Ligand SMILES: [Zn+2]
């Protein structure tokens with residue numbers, strides 16, 4: 001096991017407890033783990049259990065067991081978003097004090113593409129019908145530019161394409177974007193390695209980091225694994241749960257997807273495989289693409 005000697009690197013894996021670990025989530029966990037350990041950094045786990053209606057009971061425990069059965073041991077305590085309501089409320093109060101928030105009573109039918117407010121809610125603040133969602137106001141000309149460690153420069157016309165997003169939901173639940181930003185800052189995360197399905201969220205999260213005067217971590221977005229038809233490999237598409245009894249084979253499959261050197265076949269434990277993979281971690285080998293199929297082989 002690597003020692004965590006580099007205080008300038010803090011990575012994390014942040015699953016939602018909506019089902020057991022599948023190959024797609026193992027790939028994301030492994031990439032963030034290897035990047036942290038290769039750099040001598042710490043690796044934290046945060047359970048994104050903000051949305052009780054979407055939760056599958058017992059899956060938080062299953063995911064943590066699965067990580068441990070694959071040798072992916074995290075540092076410190078698991079942070080549970082369900083216990084962080086006070087921190088999110090404090091961040092909302094800070095945004096409200098800065099005049100960045102407005103309430104919105106748009107119905108599902110009124111909401112525009114990308115979930116924007118298309119009514120005249122900002123003008124009707126005193127006359128909205130409950131229940132309301134709280135949105136952060138994005139100036140129309142706002143662009144978010146950041147350099148992804150895999151994909152290079154990214155420039156999102158946030159004000160045009162992803163305006164005025166929700167930071168507190170109509171059902172009273174804290175919104176994902178705000179919670180992630182508050183928790184990344186709280187946990188001192190310096191490096192985020194995650195699937196490219198979260199690329200649009202990154203621009204929104206950087207915008208919130210700037211409003212809240214938080215540091216912006218470095219980002220690396222890895223390709224999403226798709227099935228042969230090109231569909232995302234996920235709980236929604238019924239990706240099979242990983243069999244923890246095949247942990248070594250699962251790690252080897254995840255390394256192959258990330259185009260990492262295969263550990264010699266005589267390495268038969270998860271600890272040996274992870275030690276090899278950590279030493280040889282070469283993130284530049286992973287194609288800089290948004291998605292690729294599980295079955296494709298390196299050239
Ligand atoms: Zn609205």
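Taken together, the values in this text are just the output of simple stated rules run on the coordinates, not laboratory data. Here the structure is a predicted model, which is why all the values come from computation and not from measurement. Cβ atoms come from the backbone with ideal geometry, glycine included; neighbour counts cover every protein chain shown.
Can you list, largest first and rounded to whole Å, the semi-axes you get for the range 1-96 by taking the square root of 5 times each eigenvalue of its Cα gyration tensor?
24, 20, 10
Treating the angle as unsigned and between 0 and 90°, give the value, to the nearest 10°, between the Cα long axis of helix 270-279 and the longest Cα principal axis of the chain.
Roughly 80 degrees, rounded to the nearest 10.
For the range 151-256, rounded, prolate or oblate, judged on the Cα gyration tensor with a ≥ b ≥ c (square roots of eigenvalues), a/c < 1.5 rounded, else prolate if a/b > b/c?
Since a/c reaches 1.5 and a/b is larger than b/c, the shape of the range 151-256 is classed as prolate.
Using 5 Å bins from zero, what percent of all Cα-Cα pairs in the range 102-182 falls into each bin?
All Cα pairs, binned at 5 Å, distribute as 3, 15, 20, 24, 18, 10, 5, 3, 1, 0 percent.
Between helix 247-257 and the chain, what is the angle of the helix's C-alpha long axis to the longest principal axis, kept within 0 to 90° and rounded to the nearest 10?
Around 70 degrees separate the two axes.
Add -39500 (n - 2.57) for each DSSP H run of 4 or more in the chain, then divide by its residues: what number comes out at 222 nm, to the nearest 500 deg cm²/dmol?
-9000 deg cm²/dmol
Enter the angle in degrees (range 0 to 90, nearest 10) between the Cα long axis of helix 59-69 and the first principal axis of the Cα atoms of the chain, meaning the one along which they spread out most.
On a 0 to 90 degree scale, this one is about 30.
Roughly what % antiparallel, to the nearest 5, for the DSSP beta bridges in the chain? If you can, show how the numbers build up before the last one.
Numbers: 14 of 28 bridges.
The answer is about 50 percent antiparallel.
Could you check the simple spin-label distance between residue 147 and residue 279, using points 7 Å along Cα→Cβ, in nm with one decimal?
3.1 nm
With each label point set 7 Å from Cα along the Cα-Cβ vector, what nm distance links residue 265 and residue 65?
Modelled inter-label distance: 3.2 nm.
How large is the convex hull of the C-alpha atoms of the range 51-139 per residue, in Å³?
Per residue, the Cα convex hull of the range 51-139 comes to 179 Å³.
Note down, for the range 146-200, the three equivalent ellipsoid semi-axes (square root of 5 times each alpha carbon gyration tensor eigenvalue), biggest first, whole angstrom.
Values: eigenvalues 97, 62, 17 Å².
Semi-axes from the Cα gyration tensor: 22, 18, 9 Å.
Which three extents, in whole angstrom, do the alpha-carbon atoms of the chain cover along their principal axes, largest first?
Computed over the chain, the largest-to-smallest principal extents equal 69, 43, 39 Å.
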